[in-house]
Amino acid sequence: METHLNKMQAIQMVDLKTQYQQIKPEVEAALAQCFEKGDFINGAYVQSLQQNLSRYLDVRHSIGCANGTDALQIAMMALGLKAGDEVIVPTFTYVATAEVIGLLGLTPVMVDVDLETFNLRPQDVEQAITDKTRAIVPVHLFGQCCDMSAIMEIARKNRLYVIEDNAQAIGAVYTHNGEKTYAGTIGHIGCTSFYPSKNLGAYGDGGAMFTNDDTLAGKLKMVANHGQNRRYYHDIIGVNSRLDNLQAAFLDIKLKYLDEYIQRRQSAAAYYDEHLAAVEEVICPKRAAFSTHVFHQYTLRVPAAKRDKLQQFLQTKQIPSMIYYPLPLYEQAAFKDIVRKGAESFANTDELCATVISLPMHSELSVEQLAYICESIQEFFAR
Ligand SMILES: *Cc1c(COP(=O)(O)O)cnc(C)c1O
């Protein structure tokens, strides 16, 4: 095994360098173009990327912004959510989803998630609704859609807004009544992040918002641009959140390869599935019938007593792994005073925090690396 490792490329959680090498000439040309034209703010690439994203996702409006966290905040501001309004979120997610709710003085109402898909369960959402509830934020965690048909129906019945946190699932396809829709275009507003390690990642920060509603699109643009439609005439308090033209240029290149990147992630996931199926104590990620999975993360569940030992064992084999997420949001100090628990128990989230482990997942994993990772996991559980 040691000699095997020596000639194999070091395994990384995310390998942006190898991916870059394949598009290097295009990236360098775009970079030169931006510098030669002095085109840095609201430039041609921002316009081009927005159009190409709208075409790819089949959505009317794509609006760039500075990062995924801003996208969520701008969405909530554009919808006119006000202090005291309640917003339902899963308690098993990245902090950004709930952080912006707190920042705006809204109340995060946290609910549990499904043990197998890691996503919101519609019945939990329904139970958490009060007369203060204004919005639901489904997070398509690790690259697979929530049960959006049920969530949209609950929202319609209760007159709630739906803001999709699609930072981890761009390119995932949701099927409802035989019709296919892209993740992030189903709710009133979809938000995404172009953080470098995301499935469509920039070489720096970036984000975007999506909507099919023309009025909402206007509001999103206005909030993101200091509350103005006309320069120096400010109708509302907004923020300054722009997608950098350089980052848009890089993203426009990578968008062309997104489907290929997704396919490579799916192949790596299929390899893991096949070679870990026989390991009794390992539960591989479930695929929901209504959504494709774009595998932002490939996340196993293992017995809680062995999880950290597995991570240490993999470390000695030079295999990185990550725990997404070790502490539920409802237990985070930052939310102590503002959270409303939308459920009596968070048993599934508690269990996930103790049992999940995410394996290396990106578009550049070789079969040799995958084999080595799977053999190492098999070895750990055979001891
Ligand atoms: C990455 C991420 C965000 C935030 O995106 P940034 O661009 O880092 O601000 C929000 N929600 C989820 C689920 C994420 O994974």
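The values are calculated or read from the model by the stated rules, or taken from the named source; none is laboratory data. Quick caveat: nothing in here was measured; it's all calculated off a predicted structure. Heads up, the Cβs are rebuilt from the backbone with ideal geometry, glycines too, and the neighbour counts pull from every protein chain shown. To get the accessible areas, we keep the full protein, side chains included, count just its heavy atoms, and leave off ligands, DNA and RNA. Shrake-Rupley method; radii C 1.70, N 1.55, O 1.52, S 1.80 Å.
Assorted remarks:
- For the stretch 10-53, a residue qualifies if it is open to solvent by 30 Å² or more (accessible area, probe 1.4 Å) and among the β-branched types (Val, Ile, Thr), and the qualifying residues are VAL14, THR18, ILE41.
- Residues in the stretch 81-97 that are under 19 Å from LEU220 (Cα atoms) and within 16 Å of the ligand (Cβ to nearest atom): VAL87, ALA96, THR97.
- Given (1) over 22 Å from the mean Cα position of the chain (by Cα); (2) open to solvent by 20 Å² or more (accessible area, probe 1.4 Å); (3) not small (Gly, Ala, Ser), number of the condition ASP244 does not satisfy: (1)
- Taken as a whole, the stretch 213-231 holds no residue that is open to solvent by less than 10 Å² (accessible area, probe 1.4 Å), assigned by TED's automatic domain parsing to the domain that holds VAL27, assigned to a strand (DSSP E or B) and more than 12 Å from the ligand (Cβ to nearest atom).
- Hits in the stretch 63-75 - residues which are polar (S, T, N, Q) and either near the ligand (Cβ under 9 Å from one of its atoms) or closer than 15 Å to ASN245 by Cβ (or both): ASN67, THR69
- Condition check for LYS336: charged (D, E, K, R), surrounded by fewer than 18 Cβ atoms within 10 Å (Cβ to Cβ) and within 29 Å of GLN127 (Cβ to Cβ): yes
- Of the residues making up the stretch 157-183, those that are more than 25 Å from ALA128 (Cα to Cα) and without any contact (Cβ under 8 Å) to a residue 40 or more places away in the chain are ASN177, GLY178, GLU179, LYS180.
- Checked against the criterion of being acidic (Asp, Glu) and under 21 Å from the mean Cα position of the chain (by Cα), the candidates GLU99, GLU26 yield just one match: GLU99.
- When GLY178 is tested against (1) out of contact with any Asp or Glu (no Cβ under 6 Å at 6 or more places or on another chain); (2) within 16 Å of the ligand (Cβ to nearest atom); (3) among the small types (Gly, Ala, Ser), just one condition goes unmet, and that condition is (2).
- Which listed residue is touching a residue at least 60 places away in the same chain (Cβ under 8 Å), in the same structural domain as LEU243 (by TED's automatic domain parsing) and surrounded by fewer than 18 Cβ atoms within 10 Å (Cβ to Cβ), from LEU79, LEU115, LEU103, LEU72: LEU115
- Evaluated against (1) within 16 Å of the ligand (Cβ to nearest atom); (2) open to solvent by 80 Å² or more (accessible area, probe 1.4 Å); (3) out of contact with any Ser or Thr (no Cβ under 9 Å at 6 or more places or on another chain), SER197 falls short on exactly one condition, (2).
- Being over 27 Å from GLU375 (Cα atoms), assigned by TED's automatic domain parsing to the domain that holds PRO196 and among the small types (Gly, Ala, Ser) holds for only one residue in ALA289, ALA248, and it is ALA248.
- Qualifying positions in the stretch 157-176 - farther than 20 Å from ASP244 by Cα, part of a loop (DSSP other than H, G, I, E, B) and touching a helix residue (DSSP H, G or I) at 6+ places or on another chain (Cβ under 8 Å): LEU160, GLN168, ALA169, GLY171, ALA172
- Restricting attention to the stretch 202-212, the residues that are in contact with a Phe, Trp or Tyr (Cβ under 9 Å, 6 or more places away or on another chain) and surrounded by fewer than 22 Cβ atoms within 10 Å (Cβ to Cβ) total 3.
- Picking from residues in the stretch 121-155 that are polar (S, T, N, Q) and open to solvent by less than 20 Å² (accessible area, probe 1.4 Å), the one that is farthest from SER345 (Cα to Cα) is GLN144.
- Unmet requirement for ILE154, which otherwise passes all of (1) touching a residue at least 60 places away in the same chain (Cβ under 8 Å); (2) in a helix (DSSP H, G or I): (1)
- Those residues of the stretch 263-307 which are open to solvent by 50 Å² or more (accessible area, probe 1.4 Å) and not in a helix (DSSP H, G or I), in sequence order: ALA277, ALA278, GLU280, GLU281, ILE283, LYS286, ARG287, ALA289, PHE290, THR292
- Condition met for THR192 (away from the ligand (no atom under 13 Å from the Cβ), not charged (D, E, K, R) and not in a loop (DSSP other than H, G, I, E, B)): no
- Annotation: ALA98 fulfils all but one of (1) small (Gly, Ala, Ser); (2) outside any helix (DSSP H, G or I); (3) within 23 Å of GLN297 (Cβ to Cβ); (4) open to solvent by less than 10 Å² (accessible area, probe 1.4 Å); the unmet one is (2).
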